[in-house]
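The values are calculated or read from the model by the stated rules, or taken from the named source; none is laboratory data. Everything numeric here is computed off the predicted structure, so don't read it as measured data. With ideal geometry, Cβ positions are generated from the backbone for all residues, glycine too; neighbour counts draw on all protein chains shown.
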Amino acid sequence: MPAVVARKVFDDYRVLSDEALRPHEPRVEKFLQAMRKSLQQKENWTFWLPYTLSLDTCMKCGTCAEVCPVYQATGRKEIYHPVYRTDMLRKIYKRYFTLPGKLFPWLVGAEDLTEEKLNALAENVYRCTICRRCSYVCPVAIDNGVIVREARKIFDAIGIAPDELKKKGTRLQLQAGNATGMPAAAFLDMVEFLEDEIEETRGYRIKIPVDKEGAEFLLMHNAGDYLAFAETVMGAAEVMHAAGVDWTLNSPNTGINDAVNYGVFYSDVEFSAVIKAHVETARKLGIKKLVVGECGHAFEALKYLILRLIPPEERPFEVISILELEDQWIREGRIKVDPQKNPEPVTFHDSCKLGRLGGMFEEPRRILKACCPDFREMTPNREMSLCCGGGSGFAIMEKGGFLKFRMETYGRLKAEQLKATGAKVVACACSNCKAQFREIINYHKLPMRYAGVSELLANALVR
Amino acid sequence: MDFGHYLIAGVMPYVAVAFFVLGLGYKIVYWFKAPMHLHWELFPYPHTMAEQLKEMITEVFTLHSLYRFNRKHWLPSLMMHWGFYLLVGWLVVLLLGFSFAAYVGTTGGVLVLAGSFSLFLLRLLDAEVRKISAPVEYINLIFVFLLASSGLFSGFLGDIQLVRSYFLSLLTFKPDASIAADYLTPLLLFELFLIYIPFTRMAHFAAKFFTYHKIKWGELH
Ligand code: SF4
Ligand code: SF4
C-alpha cells in the first residue's frame, strides 16, 4: 500500500501524523489553557525565567539567523528564521497574556490563534534542533531554543507529540526499561554476542559484566547503540576491561538500562519520570559512579538538568561521561594506546549537547589526538559547532519526508564541513549524531565513515 | 506660568522617575525572586566574577556579538548605545558642575540621533529584519529619535547653566518650574520615555543581567 501523504500544514514535511496532530479537532482553547500554565512561575518553575525573558526581551536584530543552520541552509527562507518560529508563539503570548497585546494587537504584533496557525506552529517547533547556537551569539542572550522547547511542552500537554518521542520513546522506555523495547533475555543474548564479536576481531575474550551490584562504575549506553552502533559498546567494554576497573552494564531486569531521556526534547513531565527511573536503577544497583555512554542529551540530563530537580541526598552516586574516564585513564597511563593503529585522517564533531551544552570540548580531543596521528579540526568547532541535525529527537524521526529535511538542511552544511577536512573518519561521541552521520554519509555520498570515540580508542589499545 | 507648564516641569519629573524606578525595580525583584530554573548554561562561560565583569563590560561597550555575527547592525547600534551612555554621563558631569558637560551632552544627543535614524532605516529597508518587526519596533525608534532631536535642537543638552540649576531644584525638592520654560518639549518627551521604558523591551539593559548571569552563564567557580 502506498504511504498516504499527509496534508500540508506548514511546509513540505510532516513530522506529526494526522493521528498525532488531530487537525479536525478544536484544540485552540486547550492550547491556550496549557500555555497559561506554562507562563506561571509555580507551574513551570523548571524553565520559567529563561522562557519568559526570551519571550519578552527579543530585540528583533536578526543576529540569531546569521548562525542558524536551518535558516542558512535553506537559503534564508523566511519560515525558518529563528524569530519567525518563536514569534509564532510570541504573537499568541502577546495577544492573550499581555495587556498591550489585548488592547492594541496590531501595534505590538499580537495575533489571534487559529487551528491553522496551531498546526503550523506544531510542525515548525520540529524544524529546530534546539541546538542553541543562536542563543550563544544573541546580544541579549535570548534563547530561541527554550521557546521552541516550551512550545513542544505545551503541545505535549494537550496530547500532541511525535510518536517517536513519546509512545515509542519515553513511554516505552519506562515500561520496557529501554526505548528500543528490548527485553532482558534478548539483551543478555546481545551481550554474549558482543563478547563473541570482540573475540573474533581481537583474538581474546573478555567478560562483560551485567547487573553486578555495588560495582564502582555502572556504564549506561543509549540502548539504540546495541543495535545500531555496537562498535561503540564493544569499544567501551574493551576500554573498561583494559583499565581493569570494577564495572557493569545493566539489563532491564534491574530497571532502566537505557541512558536516553527523550523528555529532554519535549516534556518536563516525561523528563522527570525517566530521570527518576534512572536514579532508582542506580540506587538499586548500589553503584558508585554512573557512567554515561556516548550519548549527548543523556549526559546533559544526568549531569546538569538533574541537579536542581533531584536533591543530592537522593542521588548518592557521581555522574561522569565515558569520555572523562577515557581521557583520565590515558593521561594516567592506566591504558596504553598506539596511535599507528588508526592511520586514517580523523576529524571530530562536537555534539551540541556534549559541547555547547555540556562543556566537554577538550576530553574527546585529547583522546583522539592520543589515538589518531592525523587529527583534523572541523571549522567552525567547539562552541560554534554546527548542529549535525540529529538533535532534539530528529535522529529517530524520518516519517513525512523528514529525513530529506534533515539531509537538505543541517545535513548539507555538515557534509560540506566534513568534505573540507579531507578526513576519512568522523568521530563523535553522541548516538543521535551518529545516526545522523550514517545518513549524511549515505545521502551526500561522502567517502568516509563515522566512528565512536570509544571505538577508535579501543582500536588503538595496546595490551 | 500655566498649569501644563507646572505639571511638566514641576510634577511630572517626580512621577516619571517614580515610574521608572518602581516599574523597573518591580520587574527586577520579580526576576530575582523567580524560582531557580534547571541548569541551562552554555559553554564555555566566564567562571570568575572578574571574568564575568570583563565579558559584560566588553559586550556593553563594544556590542561584540553584533560585531562578530551581525556586522550591519553593529555601527548603528553602537552609536545609539554610546549616545545613551554619554547622556547618562552628561547628567552626572552636569550635576557635578563641569563645563564640558555641554560637549558630552551634545555628542550623546548626536549619536542617539544618528543611531536611531540609521537603525530605523535598516529596519525599514532590510526585508529580513522588516519581516520580524512589529510597528512598535519602529515607534520605539521614532520615539528615541524625537527625544534626541528635541534635546539637541531646543538647546537643552547644551544649556548647562540653566539645566543644572533646574535639576538641582528638582533634587532639592524645590522644583523651579519657571526656569525650564523653554524646554518643555524635551522635558515632556524625556518624562514619557522614562515612564515607558519599564514596560518595553527597552528594559533589556536590566533583563540582560539575568539572561547572562542566571541563564547563559553557569555557576561561579
Ligand atoms: S533572539 Fe537575540 S539575536 Fe535573535 S533577534 Fe532576538 S535579540 Fe536578536
Ligand atoms: S536552536 Fe539551533 S536550529 Fe534552533 S533556531 Fe537556534 S540555531 Fe536554529
Boolean, A:Leu89 is within 14 Å of ligand 2 (Cβ to nearest atom), modelled with pLDDT of 95 or more, buried (at least 19 other Cβ atoms within 10 Å of the Cβ) and hydrophobic (A, V, I, L, M, F, W, C): yes
Qualifying positions in the range A:283-298 - assigned to a helix (DSSP H, G or I) and either outside the structural domain of A:Arg308 (by TED's automatic domain parsing) or crowded, with 24+ Cβ neighbours inside 10 Å (or both): A:Gly296, A:His297, A:Ala298
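Results for (1) touching a residue at least 24 places away in the same chain (Cβ under 8 Å); (2) in the same structural domain as B:Gly109 (by TED's automatic domain parsing); (3) within 13 Å of ligand 1 (Cβ to nearest atom), shown as yes or no for each residue.
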| position | (1), (2), (3) |
| --- | --- |
| B:Met56 | yes, yes, no |
| B:Phe61 | yes, yes, no |
| B:Ser65 | no, yes, yes |
| B:His73 | yes, yes, yes |
| B:His81 | yes, yes, no |
Check A:Cys61 against each of (1) facing chain B (nearest Cβ under 9 Å); (2) touching a Lys or Arg at 6+ places or on another chain (Cβ under 9 Å); (3) under 21 Å from A:Arg133 (Cα atoms) and name the one condition it does not meet. (2)
Any idea which residue in the range A:375-389 is surrounded by the most Cβ atoms within 10 Å (Cβ to Cβ), counting only those that are under 20 Å from the mean Cα position of the chain (by Cα) and of a type in the set (D, E, K, R)? A:Glu383
Being more than 16 Å from ligand 1 (Cβ to nearest atom), within 14 Å of chain B (Cβ to nearest Cβ) and not aromatic (Phe, Trp, Tyr) narrows it down to one residue among A:Lys212, A:Lys168, A:Lys153, A:Lys207; which is it? A:Lys153
Can you confirm whether A:Arg14 is buried (at least 17 other Cβ atoms within 10 Å of the Cβ), assigned to a loop (DSSP other than H, G, I, E, B) and among the charged types (D, E, K, R)? yes
A:Ala110, sole failed condition from (1) more than 27 Å from A:Gly263 (Cα to Cα); (2) within 9 Å of another protein chain (Cβ to nearest Cβ); (3) within 16 Å of ligand 1 (Cβ to nearest atom): (3)
Filtered residue count, the range A:63-84, keeping only those that are more than 16 Å from B:Ala134 (Cβ to Cβ) and either within 10 Å of ligand 1 (Cβ to nearest atom) or in contact (Cβ under 8 Å) with a residue 12 or more places away in the chain (or both): 14
Restricting the search to the range B:16-53, which residues are charged (D, E, K, R) and surrounded by 14 or more Cβ atoms within 10 Å (Cβ to Cβ)? B:Lys27, B:Glu41, B:Glu51
What helices (runs of 4 or more DSSP H), lying completely within the range B:100-187, carry at least 3 residues that are surrounded by 19 or more Cβ atoms within 10 Å (Cβ to Cβ) and aliphatic (A, V, I, L, M)? B:101-125, B:135-153
Kindly indicate whether A:Ala65 is of a type in the set (A, V, I, L, M) and within 12 Å of ligand 2 (Cβ to nearest atom). yes
Mind checking which residues of the range A:214-254 are out of contact with any helix residue (DSSP H, G or I) (no Cβ under 8 Å at 6 or more places or on another chain), touching a residue at least 60 places away in the same chain (Cβ under 8 Å) and surrounded by 24 or more Cβ atoms within 10 Å (Cβ to Cβ)? none
Just give me the residues in the range A:136-149 being in a helix (DSSP H, G or I) and either more than 9 Å from ligand 1 (Cβ to nearest atom) or within 15 Å of A:Leu49 (Cα to Cα) (or both), in sequence order. A:Tyr136, A:Asn144, A:Gly145, A:Val146, A:Ile147, A:Val148, A:Arg149
Taking the range A:64-80 and keeping only residues that are facing chain B (nearest Cβ under 8 Å) and buried (at least 23 other Cβ atoms within 10 Å of the Cβ), one is left with A:Ala65
When residues of the range A:341-359 are filtered for being in contact (Cβ under 8 Å) with a residue 40 or more places away in the chain, away from chain B (no Cβ under 14 Å) and not hydroxyl-bearing (Ser, Thr, Tyr), how many remain? 7
Selection from the range A:36-62 of residues that are in a helix (DSSP H, G or I), surrounded by fewer than 24 Cβ atoms within 10 Å (Cβ to Cβ) and within 9 Å of ligand 1 (Cβ to nearest atom): A:Thr57
Restricting the search to the range A:125-148, which residues are touching a residue at least 60 places away in the same chain (Cβ under 8 Å), near ligand 2 (Cβ under 10 Å from one of its atoms) and more than 10 Å from chain B (Cβ to nearest Cβ)? A:Arg127, A:Cys128, A:Thr129, A:Ile130, A:Cys131, A:Asn144, A:Ile147, A:Val148
Among the residues in the range B:23-37, are any β-branched (Val, Ile, Thr) and part of a loop (DSSP other than H, G, I, E, B)? no
Selection from the range B:33-67 of residues of a type in the set (Phe, Trp, Tyr), more than 11 Å from B:Glu219 (Cα to Cα) and more than 7 Å from chain A (Cβ to nearest Cβ) yields B:Phe61, B:Tyr67
Being surrounded by 20 or more Cβ atoms within 10 Å (Cβ to Cβ), of a type in the set (A, V, I, L, M) and away from ligand 2 (no atom under 16 Å from the Cβ) narrows it down to one residue among A:Ala186, A:Ala179; which is it? A:Ala179
